[in-house]
Structure formats: structure tokens, C-alpha cells
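The values are calculated or read from the model by the stated rules, or taken from the named source; none is laboratory data. These figures come from a predicted structure and were not determined experimentally. Here Cβ is always computed from backbone atoms with ideal geometry, including for glycine, and neighbour counts include all displayed protein chains.
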Amino acid sequence: MSDVNSSASPAPAESLLRLDGISKTFGSTTALKGLNVDIRKGEFVTVVGPSGCGKSTLFNIVAGLEEPDAGGTLSFDGRQQKASALLGQVAFMPQKDLLLPWRSVIDNAILAIEMDGMSKKEARALALKMLPEFGLAGFENQLPHQLSGGMRQRVALMRTFLFKRDLMLLDEPFGALDALTRTMMQRWLLDVWQRHNRTILFITHDVDEAIFLGDRVLVVTARPGRIKLEQKIDLPRPRRPELVTEPAFINLKRNLLEAIEEESMKSFV
Ligand SMILES: Nc1ncnc2c1ncn2[C@@H]1O[C@H](COP(=O)(O)OP(=O)(O)OP(=O)(O)O)[C@@H](O)[C@H]1O
Ligand SMILES: [Mg+2]
């Protein structure tokens, strides 16, 4: 069948998450002020910005764990809602891995799906099959204190991934990994994202990682955080590892580093 629209550019995807004028104050600290962002279905958006600028606070709001100050609005899947209504609707990997010390690797990995109603037996079988993909084969019965920091991070990522939701929030998920494991996990994540049609918001301090993974990079200002720059990353997918040495990549990196540095300097003044 011919498609009369085949030469037209595709219609922009629908918005999945939209924040308008979001602020968050903790006592005398204003973490976020007037933050606006629109995340479309299926997008991979990376978030960078100086330490303490409010990135994790933003994720806590979107995960439904913190309510923003009055005045702003939050819409998810086209409906305006309170942040708390998003609890359980999004998959969230917090910056701290939050593994339960008395639970084994496998039982930590299934925590969210078990709480969501799946039987332990079914959940364990599902998770066991995935262990090799996360480099954790053979470690299913270990306790968190017997793991390295990078392994703990992978258990937490596996837990988030098993909790299948349209929106995944990943707060520095690869921060504790060595360069090679990190590259492998980045490729794995891109593959998962493409195959499973998820929408991902991903915080990182690594600009190369932000560009390599993202459709867009959001640069957050020094506190109080708001979006300073939205950099579209028009690099072809699938992203090839050599991309990071190409001029288009380097130019994007230069722009982004300049914006981040400007904000980092402010947060030190
Ligand atoms: N629950 C809380 N109570 C009081 N202050 C808080 C709370 N959560 C965050 N803050 C403050 O809000 C600001 C933003 O913190 P947040 O953790 O969001 O920063 P971040 O951008 O994630 O930093 P990093 O890159 O270091 O992880 C900080 O000044 C922090 O002290
Ligand atoms: Mg943080």
C-alpha cells in the first residue's frame, strides 16, 4: 500500500511528562525554581548539571516521592496530576542503590515486581534469566555487602528494569562502573530502550555519556535549578562507539562543557 505521507516528516511524538514552573524549597534552600521541561514518548533524555543543582530532587518529584511547591504543574500521559499520583507509575533507580542488606541479589532484584503483585517464584525465574545480561550470573545468592559498588549498581538497575513502566528514571546509574563495564552497560541500555519502547530520563556527570545516549541533553543551572540549555543530539542511531571521536560529537561536547562549566563556577562562588 502506498503512503501519501511517506515523504513528510513524522509528526512529533506526544508528550509523556510535562513540568511547568516547578519549584522545590527545603527550608532555606531553594533546590528548583521555575523548571519547565517536556519529555516526549519514546525519548531518551539525559540530564547534566553541577552537583547540588537539584537533579535528584527533580527525579524524586517525578517518581512521586516529593511534592513540588505550590504554583507549578505536572502532567503525565496528558493528565495534570499531583506528584504523589506518579508513585508506582514510573520505574526509578535512585542515586543511592537502596539494596536491602538482608536480601540476596536475586531477591533485591525482584523487590519492586514482588511488591507489584508477582509471585516470588515467577519473579525469581524472570530475574535469574536476566542475571548474565547484567554480569551477575552466579551471584544470585550473595548479599549486598559481598558485592562491589558497580555490582550493587547493576542489581539496582536490574530491579528498575524488571519493574516495567513507560518512564524510567535513572539517577547516575553507571557512576560506579569501570570504563569498559560502563560502555557495555550503555550499549545494553540503548538496545533495551530501542527494543522495549521505553522513555528514559538519565542523570549523569559524564558529558560523553550524556551525548552518546541522548536524543536531547538538558543542562541544569546552578541551584536553584532550572533548564539552562536543551541540546538536541542529532547523531545517527544506532550510535557507534567511534562516534565519540568525530567532529560532530566534539562540537556538541564543546558547547555542553561550556554551559556546564559556567554553571559549575557559579555554584562555587
Ligand atoms: N530532603 C531534603 N531536605 C533538605 N534539603 C534537601 C533535600 N533533598 C535535597 N536537598 C537540597 O537540595 C539541593 C539539591 O539537591 P539534589 O540532591 O537534588 O542535587 P543533585 O543535583 O542531585 O546533586 P548531585 O549531582 O551531587 O547528586 C541541595 O542543596 C540539597 O542539600
Ligand atoms: Mg543527585
Those residues of the range 244-265 which are touching a residue at least 60 places away in the same chain (Cβ under 8 Å) and either small (G, A, S) or not assigned by TED's automatic domain parsing to the domain that holds V220 (or both) amount to S264
Check whether at least one residue in the range 51-71 is touching a helix residue (DSSP H, G or I) at 6+ places or on another chain (Cβ under 9 Å), away from ligand 1 (no atom under 16 Å from the Cβ) and of a type in the set (A, V, I, L, M), and report yes or no.
no
Taking the range 30-56 and the residues there that are within 14 Å of ligand 2 (Cβ to nearest atom) and over 13 Å from the mean Cα position of the chain (by Cα), the one that is nearest to A210 (Cα to Cα) would be G49
Scanning the range 181-212 residue by residue, those part of a loop (DSSP other than H, G, I, E, B) and buried (at least 21 other Cβ atoms within 10 Å of the Cβ) turn out to be T204
Screening L218, L213, L201, L190 for residues that are of a type in the set (A, V, I, L, M), within 16 Å of ligand 2 (Cβ to nearest atom) and touching a Lys or Arg at 6+ places or on another chain (Cβ under 9 Å) leaves only L218
For the range 73-85 the number of residues that are in contact with a Leu (Cβ under 8 Å, 6 or more places away or on another chain) and away from ligand 1 (no atom under 16 Å from the Cβ) is 8
Matching residues in the range 115-161 (in a helix (DSSP H, G or I), acidic (D, E) and modelled with pLDDT under 95) number 1
If we keep only residues of the range 223-245 that are of a type in the set (K, R) and surrounded by fewer than 16 Cβ atoms within 10 Å (Cβ to Cβ), then the residue farthest from ligand 1 (Cβ to nearest atom) is R240
Going through the range 51-82 in order, the residues found to be aliphatic (A, V, I, L, M) and either surrounded by fewer than 21 Cβ atoms within 10 Å (Cβ to Cβ) or closer than 15 Å to T25 by Cα (or both) are L58, I61, L65, A70
Of the listed residues (D215, D178), the one being acidic (D, E), surrounded by 15 or more Cβ atoms within 10 Å (Cβ to Cβ) and in the same structural domain as F59 (by TED's automatic domain parsing) is D215
Pairing a residue in the range 226-243 that is on the phi < 0 side of the Ramachandran plot with any residue that is polar (S, T, N, Q) and assigned to a strand (DSSP E or B), where Cβ atoms lie under 8 Å and the two sit 6 or more apart in sequence or on different chains, gives R226/N36; I227/N36
Sole miss for Q153 among (1) away from ligand 1 (no atom under 16 Å from the Cβ); (2) within 21 Å of L65 (Cβ to Cβ); (3) surrounded by 20 or more Cβ atoms within 10 Å (Cβ to Cβ); (4) under 14 Å from the mean Cα position of the chain (by Cα) is condition (1)
